[in-house]
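The values are calculated or read from the model by the stated rules, or taken from the named source; none is laboratory data. Because the structure is a prediction, the values reported are computed rather than measured. Positions of Cβ are generated from backbone atoms using ideal geometry, with glycine treated the same way; all protein chains shown enter the neighbour counts. Just the protein is used for accessible areas: all its heavy atoms, side chains included, with ligands, DNA and RNA removed. Shrake-Rupley method; radii C 1.70, N 1.55, O 1.52, S 1.80 Å.
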Amino acid sequence: AVVMTLLVGLTGGIACGKSTVTAWLLARGVPVVDVDEVVRAMQAPGTPLVFEIGRAFPGVVKDGALDRKALGERIFNDSAERRRLNQFMRP
């Protein structure tokens, strides 16, 4: 028997219903990978990624934890800095 797998990417802006659709899929037993959760785990305090981000962007890591606000302020209006950060997140 041939088994087919369908891989679906769910994207969208803020408050467009991604969480609702995710909950609906999970309620029906569909496996879901939440990339936001994966990134939060990668950026947990003390992780190697946070250490490397702190080395590349001084002042955005405090007590081993990523200061998302400080990082956002640094990269939001600077496309070169955003590209630098993306090199860590999407090597």
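Of note:
- Every pair of residues 6+ apart whose Cβ atoms lie under 7 Å, when the first sits in segment 26-48 and is under 20 Å from T11 (Cα atoms) while the second is open to solvent by 60 Å² or more (accessible area, probe 1.4 Å): V32/L26
- Segment 1-56, residues that are of a type in the set (A, V, I, L, M, F, W, C) and within 22 Å of E81 (Cβ to Cβ): V35, V39, M42, L49, V50, F51, I53, A56
- Checking each residue in segment 16-38 for being out of contact with any Leu (no Cβ under 9 Å at 6 or more places or on another chain) and either among the hydrophobic types (A, V, I, L, M, F, W, C) or on the phi > 0 side of the Ramachandran plot (or both) picks out C16, G17, A23, W24, L26, A27, G29, V30, V33, V35, V38.
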